Amino acid sequence: MRRRLRTLAPRAALALAGGSVLAFLVVPVLTVIPMSFSSSMTFELIPTVPGLTQYRRFFASPDWMLALGRSVQVALGAMVVATVLGTLAALGLRRLARHSRRLLEAALIAPRIVPSIVFAVAVYYVFAGAGLVGTVGGLVLAHSVLALPFVVVFVGSALHGVDPALEEASLSLGAGPVTTFARVTFPQIRLAVFGSALFAFNVSFDEVVVTLFISGVRAKTLPVKVWDAIFYEITPILPAISTVIIVASLAVLTPLLLVRRKAS
Amino acid sequence: MKRSTLARLVLLGPPLLFLLAAFVLPLARVIWGSVFAPDFTLAFYERMWRTPVYGRVFWITLKISLLTTVFAALLGYPAAYFLASVKPRTRQLLLLCVIVPFFLSVLVRNYVWMILLQRTGLVNRLLTEWGVINRPLELMYNELGVLVAMVNMLLPYMIFPVLSALLAIPPELRHASASLGAHPASTFWRVTLPLSMPGVAAGALLVFIVSLGFFITPALLGGPQQMMVSNLIEFSVRQVLNWPFAFALANTLLLGTLLLYAIYVRALEGRMPRTAGLP
């Protein structure tokens, strides 16, 4: 019995410590969900009369809907650009010698390493000169840069599992490079391509720092409107909007996690 | 032209041109603009270096980043150790606690910390209700608020490398140590901990690097005393329109980040999976 206690106590302590840290990671963000069902016009942490008032206000507001629509538009644009360019890059990297591959790979991943604020200032300055501040096109360009590294890494690692002999066989049997890609390579990396597309969408949909600079007053996205509202909005609509953003991210993320599960 | 060269050109040309136009050239403009205005000058760097207020901002940035790193290690290690100790199936499930928040909007997560930590926030209310405190504690607009939120957001960067270092330790080593009569605690101190140190080092460097560029958290949860370099850059551009000075600050931050990242890649090459903060 004493022996069991001696081995059990440290395990329980470990589970308690580890479990607390894991709870610290998930629980805080979830507290916003019950708050979002407040029906009063003032802030309530635990709603006395739960209701959908705040959601109705959000979905009935042309201003917020415009921002939401713009965010989706930008995210779709960035998703397409980043996925196409990133997949091309990953396919190209595979054909390079080790040294130049690592160099170019580092360049393609660099947007993840450079602090957002540095890229924000740089792109703001250049966009201001080119008349791209406050345009959806400008936002798509900047968000694509930020999403590109994820696509390169995800698709690149899926390509590791593709046997080049299969592609060579296809080519030597007379299929062109495009046919070979469509019929031999793509089916093997399909999940990674779709997964990184979803990921790219999420990166753009949640982006704040760079967007804060380049969205101007004309092209505010949902996160930028939220940012403004944090400083100026006093009514409790933000918990509802936060919940919408969380649900949107989870909707995008769930298929990704399922794919990951299947892969492992 | 050889067919393979053509293929490489077609595949790599568009993404690299895109990156050049939308990423490299804007950054080059920042570097250029910090020293040419329009003639060559180091005045902006000198101003940054000489003015005590700006020196303080750099000092605060380093201090907050360092404290975040220390707390992330202190909290992240037991979490990773716990994750490493459970069955793989349970681990897959528990890892969702680390992965899912990591993908959620950074802005929303900061906002939630604001409503939790404000004077009338959930934390203060619960503590008052339980009779722990009489009057609300100041939990935000200070260093505490910034640290709590930053550690919360950066913990995954610590947990992933530590966990993979722990999982890479062959269990035979621990069994050998135990069968030779070592107490579990001494097995931990003399076998597990030293062997997982590369993971801790990798995690610490990553957390520190990402901390240096933090902008949203100090802006929302910090007070004037918690202004970090990123916030000063934003202030210089958007409030006072001093572009060359903002460029000099941005360059300094960029240089520091790249230098540390180079150390990260060099020092941990081959020993850690090169995920560069990608989960």
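Since every read-out is calculated from the coordinates, none of them should be taken as a lab result. Computed from a prediction, not measured in an experiment: that's the story for all the values here. As a convention, Cβ positions derive from the backbone with ideal geometry for all residues, glycine included, and neighbour counts pool all protein chains shown.
Averaged over peptide B:112-118, the number of partner chain Cβ atoms lying within 10 Å of each residue's Cβ comes to 5. Structure remark: mean-square fluctuation, Gaussian network model of chain A, C-alpha springs under 10 Å; the largest value among A:T83, A:T179, A:T135 belongs to A:T179. Backbone geometry of the range A:80-95 corresponds, through the Karplus equation with coefficients 6.51, -1.76 and 1.60 at θ = phi - 60°, to 3J(HN,Hα) couplings of 5, 4, 5, 5, 5, 5, x, 5, 4, 4, 5, 5, x, 4, 5, 8 Hz, x marking Gly and Pro.
How many Cβ atoms of partner chains, on average, are near each residue of B:248-256 if near means within 10 Å of its Cβ?
On the way: counts 0, 3, 9, 2, 1, 5, 8, 1, 1.
Mean partner shielding for this stretch: 3.
A Gaussian network model of chain A, with springs between Cα atoms under 10 Å, assigns the largest mean-square fluctuation among A:R112, A:R98, A:R57 to A:R98.
Projecting the Cα atoms of B:I263, B:S164, B:I233 onto the dipole axis of the range B:154-279, where Lys and Arg carry +1 and Asp and Glu carry -1 at the beta carbon, places B:S164 farthest toward the positive end. Treating r as the C-beta distance of B:V53 and A:S39 and R0 as 41 Å, the FRET efficiency rounds to 0.30. Taken about its Cα centre, chain A carries a charge dipole of about 1120 debye when Lys and Arg each add +1 at the Cβ and Asp and Glu each add -1 at the Cβ.
I'd like the distance between the alpha-carbon centres of the range B:151-166 and the range B:1-55, rounded to an integer number of Å. Taking the Cα centre of the range B:1-55 as reference, the centre of the range B:151-166 is 31 Å away. Listed values for the range B:32-42 are Karplus-derived 3J(HN,Hα) couplings in whole Hz (6.51 cos²θ - 1.76 cosθ + 1.60, θ = phi - 60°), namely 4, x, 7, 10, 10, 9, x, 8, 4, 7, 10, and x replaces Gly and Pro. Shape analysis of chain B based on the Cα gyration tensor places the equivalent ellipsoid semi-axes at 37, 31, 18 Å, largest first. Can you tell which of B:G131, B:L107, A:V72 lies farthest toward the positive end of the dipole of the protein assembly as shown, using +1 and -1 charges on the Cβ of basic and acidic side chains (Lys, Arg; Asp, Glu)? Selected residue: B:G131. Considering only A:A120, A:A15, A:A90, the mean-square fluctuation computed in a Gaussian network model of chain A, springs between alpha carbons under 10 angstrom, is largest for A:A15. For the range A:209-219, 3J(HN,Hα) computed residue by residue from phi via the Karplus equation (6.51, -1.76, 1.60; θ = phi - 60°) reads 4, 5, 4, 4, 7, 9, 7, x, 9, 8, 10 Hz, glycine and proline entered as x.
The mean number of Cβ atoms from other chains found within 10 Å of a Cβ in peptide A:158-167 is 0, as a whole number.
Excluding same-chain residues fewer than 8 positions from B:K63, which aspartates and glutamates have a Cα within less than 12 Å of its Cα? The qualifying aspartates and glutamates are B:E143.
With a ≥ b ≥ c the root eigenvalues of the C-alpha gyration tensor of chain A, is it rounded (a/c under 1.5), prolate (a/b larger than b/c) or oblate? It is oblate, given that a/c is not under 1.5 and a/b is not larger than b/c. Considering only A:F24, A:Y125, A:H143, and ranking their Cα positions along the charge dipole of chain A that arises from unit charges at the beta-carbon of Lys, Arg, Asp and Glu, the one farthest toward the positive end is A:F24. Assuming charge only on the beta carbon of Lys and Arg (+1) and of Asp and Glu (-1), the dipole of chain B about its Cα centre is about 600 debye to the nearest 20.
Against the globular-protein guess of 2.2 N^0.38 Å, express the Cα radius of gyration of the range A:73-220 as a ratio, rounded to two decimals. Spell out each step's value before the answer.
Working: Rg = 17.3 Å, N = 148, 2.2 N^0.38 = 14.7 Å.
Compactness ratio reported: 1.18.
Once you divide the Cα radius of gyration of the protein assembly as shown by 2.2 N^0.38 Å, the number left is 1.03. Taking the Cα centre of the protein assembly as shown as reference, the dipole from Cβ charges on Lys and Arg (+1) and Asp and Glu (-1) amounts to some 1440 debye. Here the range B:180-233 was treated as a single set of alpha-carbon atoms; its pair distances binned every 5 Å from 0 give 4, 17, 16, 12, 11, 9, 8, 9, 8, 4, 2, 0 percent.
Measuring from centroid to centroid over Cα atoms, what is the spacing of the range B:98-141 and the range B:200-227 in Å? Here the answer is 18 Å between Cα centres.
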